[in-house]
Structures are given as structure tokens and as C-alpha cells.
1. Between K113 and V45, how high is the FRET efficiency from 1/(1 + (r/R0)^6) when r is the Cβ-Cβ distance and R₀ = 51 Å? Nearest 0.05.
2. Hey, of [x] 70; [y] 39; [z] 48, which did the structure itself give for percent of Cα pairs over 30 Å apart when calculated?
3. Based solely on its DSSP helices, what 222 nm [θ] is calculated for the chain when runs of n ≥ 4 H residues each add -39,500 (n - 2.57) and the sum is averaged over all residues, nearest 500 deg cm²/dmol?
4. Could you give the length gained on full extension between V191 and F404, defined as 0.36 nm per residue of separation minus the Cα-Cα distance, in nm?
5. Ignoring ligands, DNA and RNA, please state the percent of accessible area on the range 312-455 from carbon and sulfur, probe 1.4 Å.
6. For the range 312-455, give the magnitude of the charge dipole about the Cα centre (Cβ charges: +1 Lys/Arg, -1 Asp/Glu; no others), in debye to the nearest 20.
7. Once both labels are modelled 7 Å past Cα along the beta-carbon direction, what's the R254-K235 spacing in nm?
8. Treat each spin label as a single point 7 Å out from the Cα along the C-beta direction, and report the Y53 to M243 distance in nm.
Amino acid sequence: MPTPTLAGTLPTPRRAWRRLGRVIGDRLPKGLYARSLIIIIAPMVLLQSVIAYTFMERHWQLVTRRLSAAVTADIAALIDIYESYPQEKGSETLERIAGERLNLDIDILEGAKLPAPGPRPFFSLLDEALSDEIHRQIARPFWIDTVGRSNLIEIRVEIPGGVMRVIARRSQAYASNSHIFLLWMGGSSLVLLGVAILFLRNQIRPILRLADVAENFGKGRELDFRPRGAREVRKAGHAFIEMKRRIERAMEQRTTMLNGVSHDLRTIITRFRLSLVLLPQTPEIEDLQRDVDEMSRMLEAYLAFAKGDSGEPASAIDLRALLEDVRTDVERLGGHVSEVTLEGQSTVTVRPDAFRRCLFNLAANAARYGDTIAITARQEARWLAVSIDDDGPGIPPEQREEVFKPFVRLDDARQDAGGSGLGLAIALDIARAHGGDVALYDSPLGGLRATVRVPA
């Protein structure tokens, strides 16, 4: 077996780039609104950072260093005058010249020593520039304080016999108005960002509206929709409207065809019944009548499954009253509903007749194989869950998906009460037409629990 080389174990640049892309993609927001904001904000922040760095490097530092050099040159000149020319006691003339001509306040501290050096500021462009210039132009021991008083800076330079203390305004050695540029830059960025947010929100709103309309159409709810927004969004909206019309037209054609077929078949079955009524009532005739009745029930079940009750509009109903109607219908079949429980709000928006049939099919199936039935409904923030429990034999977990298939009957378990093998399939079709689903579980009563979960 060949031994893998080191080059074979190292990731290729393309593989590493893809891995980095996946990592970054996992951490980025998933929404279009947030991603669009990032597309706008990231270049703006990058551009502002480059401009700020260039300004700091080329303007702020340069101006500060030149101002610091000028102040240091004035101090060096005062020191040269003090040492080169005889001064009167107290150096009043030198102090007057420094104050009137150089805007510096100086004081000769005879016999004084330099204070202990203080902590160096974490970030002070002035402290760095001023220290460099004093080292270069004066080249004497010194002490400076650029943070003690906000508007003033203090410089002490060692001279023969004492210390010269100089107090200058910060603006003389520091480009103090640079923050105005940064404030203008930050303020304009915030204004542009606000405009971008408002613009993006108006562009995203038609997309969200289109998504809501598509979702409600899948649930059988009708919403007024008019395409708005950008050209591409309007194009998608018109495409959705056209698709919706085609689906409705196909459903209408199917319903019309099924109505015609059902009318013809019901006419033939009615003829059979009339013919059997006119014949002498013998045991054979009674068997034929039962077969005709069974054929009629199966025909109604087939047609109901094929139609899917898709033409019924959704409306707000009283869920408690609907559950009580289901309870009454089940008890007419001979079942016993021990309790009907509702948790949460009583009003729910569904297709009333279709949803009632869905619950009835599940409850009738439970009544056929169980002695006791319990119906529990729980409405949460966005979902409605209705559970129907029974104490019957139940269905093995590995066969619970099979019972929802049309015309499938289980030998050792259960099926719908209609006898056509379509009851559970119709219930599942109705639930999915509402945007929900039907699932089977083990019941606390010992039998089967059927739970219908649809958007509220």
C-alpha cells in the first residue's frame, strides 16, 4: 500500500478557499434584507476606514508634527536667548516676549529638578511627536504633560541652575480640529446608511408580500395581491399570478369532469335501485341492494378523494363548536367520546367543511376499533394541533405510513370506517391542503393517537 506524501495531505488552494467560503457562509445571516445591508455597509465601512487611515497618516500626523516642531523651535530659541544674553533678575523681559510674540507662558524655576516621568499615554500622537522634536532640536532632559489639562500642555526643560517651564495651548502643537472631519464622515455615513435601510426595506417588502400570498394560496386562503417593487420582483409576481390561474383552471376543469362522471354514475346506480325495488323482495334481491348501497358509498368516497374539497374558501370558525359537531356525528355511529378538550383560543381559520371531514374520518376510524375516544385541541402561536385518542388495538409503528396510502388496507390492524380504504388518505390530503400534516403515535389510552397539525 503506497504511503501518502506530505503534499497529498495538504489542502489545495482551491479546497482551502472553498472551506473558507463555507465557514464564512455559515456565519453570515440567511435573510435577503440582512445580506443586502451587509453588501452596502461593508464597502462603506471599508472606504471610510481607508479614508480615515489616510487622513490620520498623511494629514493629522503631518500637521501635528509640524506644529510640534514649531513650538519646540520657539522653546529652543528661548533657551538660547536665556543662555546667550544676560537677563535681569526674574527674566521679566524674556517672559514678556514669550507671552506677546510666541503665545507661550514661561517660568524659570531656579534650583528645581524635573518631576518623575509619568505614565505614557496609550495613544497620543501629540506626546510622541513633541517628544521626538524635543529630542531632535533641544537634546536636553525634559518632562512633558499632554494629558493633565485638556486645553494646555506643559513642558519642562532642564537648564543650567534650574528648569524652564513652558505652558502652551494644545492647539499650538496639535491639529485639534481633526475630529470635525471624522464627525462629518461618520454623520454622512449614518445618513447614507439610513437612506439605504429605508430603500432596502421598500424593496424587500414586495418579496415578503409575494411569499405570504404564495403560502396562503397553499393553505387555501385568498389574499389580494398586486405585483409591486422592482422590475424583477414584479415579473415574479405576475408569473405567480399566472401560475395560480392555471392551477385554478385545472382544478375547475377536474371538478367539472368529476361532477359529470359522478352524475352519470349516480344515474346508473339510481336505475339499479329502482329496478331492484320493482322486483320481488327475495334474499338475492336484498343482497343486490346492499351491493348497490356499498357501491354508492364507495363512489362518494372516491369522488371526495379526487376532488379534495379544494374549492372551499377558508374562513374563521368556532373550533369548540366544530369539535362538538364531530363528537355528535361519532356518537351517532355508536362511538363513545369521553371528553373534548380545547386549550388556547377558540377561533381558527380553516376550510370548515373540509376540516370537519378530516376530523370526522379520524374519529370514525377510532370509533370503529376503540370503545373510548378522547379529542384534544391545542392552539399555539401559529399552529393548531388536534389529537384523537382511542383504546383500540393500534397500528404497528412500521405500518403507520402505509395506512395513509389510497386503497391500502391492513389485515391485522385498522383502516377507515367507510370501508373504501380512503378515509385516512382523505384526512391527510385535507390536512396538507391546509399546509399541515397528520401523524400517528401511541395513545395514552393504550390504542392509537392521530394528530392533525395545521397553521392557525
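The values are calculated or read from the model by the stated rules, or taken from the named source; none is laboratory data. Because the structure is a prediction, the values reported are computed rather than measured. Here the Cβ is made from the backbone with ideal geometry for all residues, glycine too, and neighbour counts use every protein chain on show. Surface accessibility is based on the protein's heavy atoms, side chains included, excluding ligands, DNA and RNA. Shrake-Rupley method; radii C 1.70, N 1.55, O 1.52, S 1.80 Å.
1. My answer for the efficiency is 0.55.
2. So the calculated entry is the one marked [x].
3. Working: 13 runs with 250 residues, N = 456.
The helix contribution divided over the chain gives -19000 deg cm²/dmol.
4. Details: separation 213, 0.36 × 213 = 76.68 nm, distance 5.83 nm.
Using 0.36 nm per residue and subtracting the Cα-Cα distance, I get 70.9 nm.
5. The value for the range 312-455 is 44 percent carbon and sulfur by accessible area.
6. Numbers: 16 positive and 23 negative charges, 75 e Å.
So the magnitude is around 360 debye.
7. According to this spin-label approximation, the distance is 3.0 nm.
8. Between Y53 and M243, the label points sit 4.6 nm apart.
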